[in-house]
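Q: Got a structure for you, questions after.
The values are calculated or read from the model by the stated rules, or taken from the named source; none is laboratory data. None of these values were measured; they are calculated from a predicted model. We place every Cβ from the backbone using ideal geometry, glycine too, and count neighbours over all the protein chains shown. When the accessible area is computed, the model is the full protein with side chains, heavy atoms only, and any ligands, DNA or RNA have been set aside. Shrake-Rupley method; radii C 1.70, N 1.55, O 1.52, S 1.80 Å.
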Amino acid sequence: MKHIPQYLLLFLLLFGACKSPNSGSPAPLTDDALMDTVQRTTFNYFWDGAEPNSGLAPERIHMDGIYPEKDQNVVTSGGSGFGIMALLSGIDRGYITRTEGLARMEKIVSFLEKADRFHGAYPHWWYGDTGKVKPFGQKDNGGDLVETAFLMQGLLAVHQYYVNGSGKSEDSAQAAPALTAREQALAQRIDTLWRDVDWNFYRQGDQNVLYWHWSPEYGWAMNFPVHGYNECLIMYILAAASPTHGVPAAVYHDGWAQNGAIVKPHKVEGIELHLRYQGCEAGPLFWAHYSFLGLNPTGLKDEYCANYFDEMRNLTLVNRAYCIRNPKHWKGFGVDCWGLTASYSVNGYAAHMPNEKDDHGVISPTAALSSIVYTPEQSLAVMRHLYGMGDKVFGPYGFYDAFSETENWYPKRYLAIDQGPIAVMIENYRTGLLWKLFMNHPDVQAGLKKLGFQ
């Protein structure tokens, strides 16, 4: 935890710069400096904020210290997948040294090697101090294939970063060869975890669809076959990509795409969408983020979608247009303050969407900020506006999870699954690092080819 003082100092210095219009201090941050400030502080959720035994991301961090379910030691598999990609960006940018980054990754992989798994798939939550499953619900106490896919997306990026040695040179020349050997050994351990996931088991008897959950106690009682479109595209791609338990292409075409029924051209807010969004006309914005933290949507197409980047950009623009129209007249909504997704809400937790039923007047910073790859100018405008709101919405781990100006509700609380995409997508916008790593994995390339992606 030796980095806390320097990060707090950095936070105070940068936050002071943000307040310049009212204080007469230096000029506002440039776009690049602003992005770096947000990325660096959000990265810190997964660095200083990590659960100490596992090195993984805590499900939540509440700055008020209040945890009604006493779950401050619970870590999340999917959020940790996002988090280790954020850690990679921090290593690459020099936020931490190559040696420090490798040590953290070794701790994480050591935990994952011993933690509860179910036919190779990880649960949604563990207790970070023991590695034992923490049930997400009564019958959800086993494997969660979707969260496993999010975790594996991150691990495969780490594999590619280390498989030939990361090449970072801040360590001494004498130490570098030994460090490279450790990095390559870690890549091999990650490869074993990847190969151990039995994607075929989650077809529940060789059906041409993947099931979200399996419990050692309740079996398939959750009964959740996954169809598109939602956040789960990456699960089907990784299932096809597995070199040991790969599913046939028919699982993708019959299950995810439902023999073409996933295609449903329609307009929302006057903007064209091509896919059928499960249960709604336009989904929450995490549907544009989670699968595409490693999977590069730029120019990506298959027989169901001519361009995934354009589709996700349009989904983002629908979300923005709805918030600007603001049919429920919420305070604060507008061109520089938009973004609806799953997050904390004024009444618990909610999947906020661009429709009047699912819009509760809550802005979730991750929504617009993680869409920066699709709408850079519009997302940067939101970033700058929110940063100008000061410590109401910004703290030591970046922007807090959600707020409502209408309700004067500004909880100083964080969720891993919302923080991770901010740091990762800012890095992808700046350099494409995580996209390059994930897409260069030979198994990923084989899986995409198998499913007919170009």
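Q: Once the dipole of the chain is set up with Lys and Arg at +1 and Asp and Glu at -1 on Cβ about the Cα centre, which of P442, N141, M105 lies farthest towards its positive end?
A: Ranked along the dipole, the leading option is M105.
Q: In whole Å, largest first, what are the principal axis extents of the Cα atoms in region 31-451?
A: Largest first, region 31-451 extends 58, 50, 42 Å along its Cα principal axes.
Q: About the Cα centre of the chain, what is the dipole size in debye to 20, counting +1 per Lys and Arg Cβ and -1 per Asp and Glu Cβ, all else neutral?
A: 300
Q: Express the accessible area of the chain per residue in Å², computed with a 1.4 Å probe while the remaining protein chains stay in the model.
A: In whole numbers, the chain has 37 Å² accessible per residue.
Q: Can you tell me the equivalent ellipsoid semi-axes for region 212-295? Use √(5λ) from the Cα gyration tensor, largest first, whole Å.
A: Ellipsoid semi-axes (Å, largest first): 25, 16, 13.
Q: I need the shape label for region 378-425. Rule: rounded when a/c is under 1.5, else prolate if a/b > b/c, else oblate, with a, b, c from the alpha carbon gyration tensor. If you can, show how the numbers build up before the last one.
A: On the way: a/c = 1.74, a/b = 1.18, b/c = 1.48.
Taking the square roots of the gyration eigenvalues as a ≥ b ≥ c, region 378-425 is oblate.
Q: Another question, if that's okay. Per DSSP H run of at least 4 residues, take -39500 (n - 2.57); add these up for the chain, divide by its residues and hand me the 222 nm value, nearest 500 deg cm²/dmol.
A: Estimated from H runs of four or more residues: -13000 deg cm²/dmol.
Q: Return the carbon/sulfur percentage of the accessible area of the chain, one whole number, probe 1.4 Å, all protein chains in place.
A: Of all accessible area on the chain, carbon and sulfur atoms account for 52 percent.
Q: In whole Å, what is the distance between the alpha-carbon centres of region 332-378 and region 200-226?
A: About 32 Å separates the Cα centre of region 332-378 from the one of region 200-226.
Q: Need one number: nm distance between label points at E69 and N53, each 7 Å from Cα along Cα→Cβ, rounded to one decimal.
A: Result for the modelled spin labels: 1.9 nm.
Q: Given Cβ point charges of +1 (Lys, Arg) and -1 (Asp, Glu) and nothing else, what value in debye, to the nearest 20, does the dipole of region 78-177 about its Cα centre take?
A: 100
Q: Divide, for region 248-360, the radius of gyration over alpha carbons by 2.2 N^0.38 Å, where N is the residue count.
A: Relative to the 2.2 N^0.38 Å estimate, region 248-360 comes out at 1.14.
Q: Right, something else. Excluding same-chain residues fewer than 8 positions from K357, which lysines have a Cα within less than 22 Å of its Cα?
A: Hits, sequence-local ones excluded: K264, K267, K328, K331.
Q: How large is the translational diffusion coefficient of region 115-262 in µm² per second when you combine the Kirkwood radius over alpha carbon pairs with Stokes-Einstein at 20 °C and 1.002 mPa s?
A: 129
Q: Further question: How much of the pair distance distribution for region 345-436 lies past 18 Å, counting alpha-carbon pairs only, in percent?
A: Beyond 18 Å sits 46 percent of the P(r) for region 345-436.
Q: Still on this structure: In nm, to one decimal, how far is the modelled label at W409 from the one at M389, with both set 7 Å along Cα→Cβ?
A: Label-label distance for W409 and M389, simple model: 1.3 nm.
Q: Testing the spin-label approximation: label points 7 Å from Cα along Cα→Cβ at T298 and A261. State their distance in nm.
A: Simple spin-label model gives 3.6 nm for this pair.
Q: Which one of Q278, P243, T298 is farthest out on the positive end of the charge dipole of region 219-351, using unit charges on Cβ (Lys, Arg +1; Asp, Glu -1) and the Cα centre as origin?
A: It is Q278.
Q: Using a Cα-Cα cut-off of under 14 Å, which aspartates and glutamates could be cross-linked to K436, ignoring same-chain neighbours fewer than 8 residues away?
A: D92, E427
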